[in-house]
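Asks: The structure's right below; bear with me while I get my questions together.
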Amino acid sequence: MDRHLSNVIFVVVDLETTGGAPYGGSEITEFGAVKVLGGEVIDEFTTFVKPNSPIPIFITELTGITDAMVADAPPIEEILPKFLDWCGSEEETVLIAHNAPFDISFLKAAALKVEQPWPAYVILDTVKIARIAIQSDEVLNYKLSTLANFFETSVQPTHRALDDAQTTVEVFHRLLERLGSSTQTLKELHTLKRGK
């Protein structure tokens, strides 16, 4: 936890799903993840996942992902072990997501389903970081699209996993810039509090 942020491998992940309840039957349909070290992108991971039930129409309208697009995709039983292997160990890797409880709950539910041990990753949520780094009178809300517009990111969110992960990487780096010299280590970032 005392590692300088420049020495931490961050995996910024975004998922598309069939709904909002990972333990209520909703499933992952798309992974998008970006691996970052020292402020530079070093790898990306993206794949469709074949769910066990049809994608609801309103989800297709939101994401553009159709049943046909995932029909030949590998199942979560095949994808999750590959993803976790790609992420690396809990000792070296920190997971980041925008509204992390959503994405992490789906990953943990998938791990439970496929009987894959869940690594004890440190988890960072860019929503929480943004609430500390950006005053409430500067933005209407802390949605990814709002922050992308605020920071004028080169990639804009599209409700597709890799695009949204890439956007989150840019937002994360801009948030670190705003936090400045007071936040140089993983421990300092992980224990941020309002008013710091």
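Read-outs: derived from the displayed coordinates by stated rules, not from any lab. Computed from a predicted structure; not experimentally measured. Positions of Cβ are generated from backbone atoms using ideal geometry, with glycine treated the same way; all protein chains shown enter the neighbour counts.
Asks: Among (1) touching a Leu at 6+ places or on another chain (Cβ under 6 Å); (2) surrounded by fewer than 16 Cβ atoms within 10 Å (Cβ to Cβ); (3) closer than 24 Å to residue 142 by Cα; (4) not charged (D, E, K, R), where does residue 114 come up short?
Replies: For residue 114, the exception is condition (3).
Asks: Right, something else. Return a yes/no flag: does region 91-109 have any residue that is assigned to a loop (DSSP other than H, G, I, E, B), touching a strand residue (DSSP E or B) at 6+ places or on another chain (Cβ under 8 Å) and of a type in the set (D, E, K, R). Before the answer, list the steps.
Replies: Looking only at region 91-109, we keep the residues that are assigned to a loop (DSSP other than H, G, I, E, B), and these are 91-92, 98-99.
Narrowing further to those that are touching a strand residue (DSSP E or B) at 6+ places or on another chain (Cβ under 8 Å): 92, 98-99.
Going one step further and asking which of them are of a type in the set (D, E, K, R), we end up with 92.
The answer is yes; a qualifying residue exists.
Asks: Looking at residue 46 and the list (1) of a type in the set (Val, Ile, Thr); (2) part of a strand (DSSP E or B); (3) closer than 30 Å to residue 180 by Cβ, which single condition is not satisfied?
Replies: (3)
Asks: If you don't mind, another one. When the residues of region 157-195 are narrowed to those that are under 16 Å from residue 127 (Cα atoms) and outside any helix (DSSP H, G or I), which ends up farthest from the chain's Cα centre (by Cα)? So that I can check it myself, show each step before the final result.
Replies: We begin by selecting, within region 157-195, every residue under 16 Å from residue 127 (Cα atoms); these are 157, 164-179, 189-195.
Then keep just the ones that are outside any helix (DSSP H, G or I); that gives 157, 191-195.
On the way: 157: 12, 191: 19, 192: 19, 193: 21, 194: 22, 195: 25 Å.
The extreme case among them is 195.
Asks: Also: Take the residues in region 154-196 that are of a type in the set (D, E, K, R), over 11 Å from residue 133 (Cα atoms) and out of contact with any Leu (no Cβ under 8 Å at 6 or more places or on another chain), then tell me which one is surrounded by the fewest Cβ atoms within 10 Å (Cβ to Cβ).
Replies: 187
Asks: Is it true that some residue in region 26-35 is surrounded by fewer than 15 Cβ atoms within 10 Å (Cβ to Cβ), among the β-branched types (Val, Ile, Thr) and under 21 Å from residue 173 (Cβ atoms)?
Replies: no
Asks: With (1) among the aliphatic types (A, V, I, L, M); (2) part of a helix (DSSP H, G or I); (3) over 23 Å from residue 41 (Cα atoms) as the list, and residue 140 as the residue in question, which single condition is left unmet?
Replies: (2)
Asks: Kindly list the number of the only condition in (1) under 28 Å from residue 129 (Cβ atoms); (2) touching a residue at least 40 places away in the same chain (Cβ under 8 Å) that fails for residue 70.
Replies: (1)
Asks: I've got another one for you. Within region 75-84, is there a residue that is more than 14 Å from residue 107 (Cβ to Cβ) and part of a loop (DSSP other than H, G, I, E, B)?
Replies: There is at least one residue in region 75-84 that is more than 14 Å from residue 107 (Cβ to Cβ) and part of a loop (DSSP other than H, G, I, E, B).
Asks: Out of region 110-128, which residues are more than 26 Å from residue 179 (Cβ to Cβ), out of contact with any helix residue (DSSP H, G or I) (no Cβ under 8 Å at 6 or more places or on another chain) and outside any helix (DSSP H, G or I)?
Replies: Correct list: 115 only.
Asks: Quickly run through region 86-98 and pick out the residues that are in contact (Cβ under 8 Å) with a residue 24 or more places away in the chain and either buried (at least 16 other Cβ atoms within 10 Å of the Cβ) or at negative phi (or both).
Replies: Within region 86-98, the subset in contact (Cβ under 8 Å) with a residue 24 or more places away in the chain is 86-90, 92-98.
Scanning region 86-98 gives 86, 87, 89, 90, 92, 93, 94, 95, 96, 97, 98.
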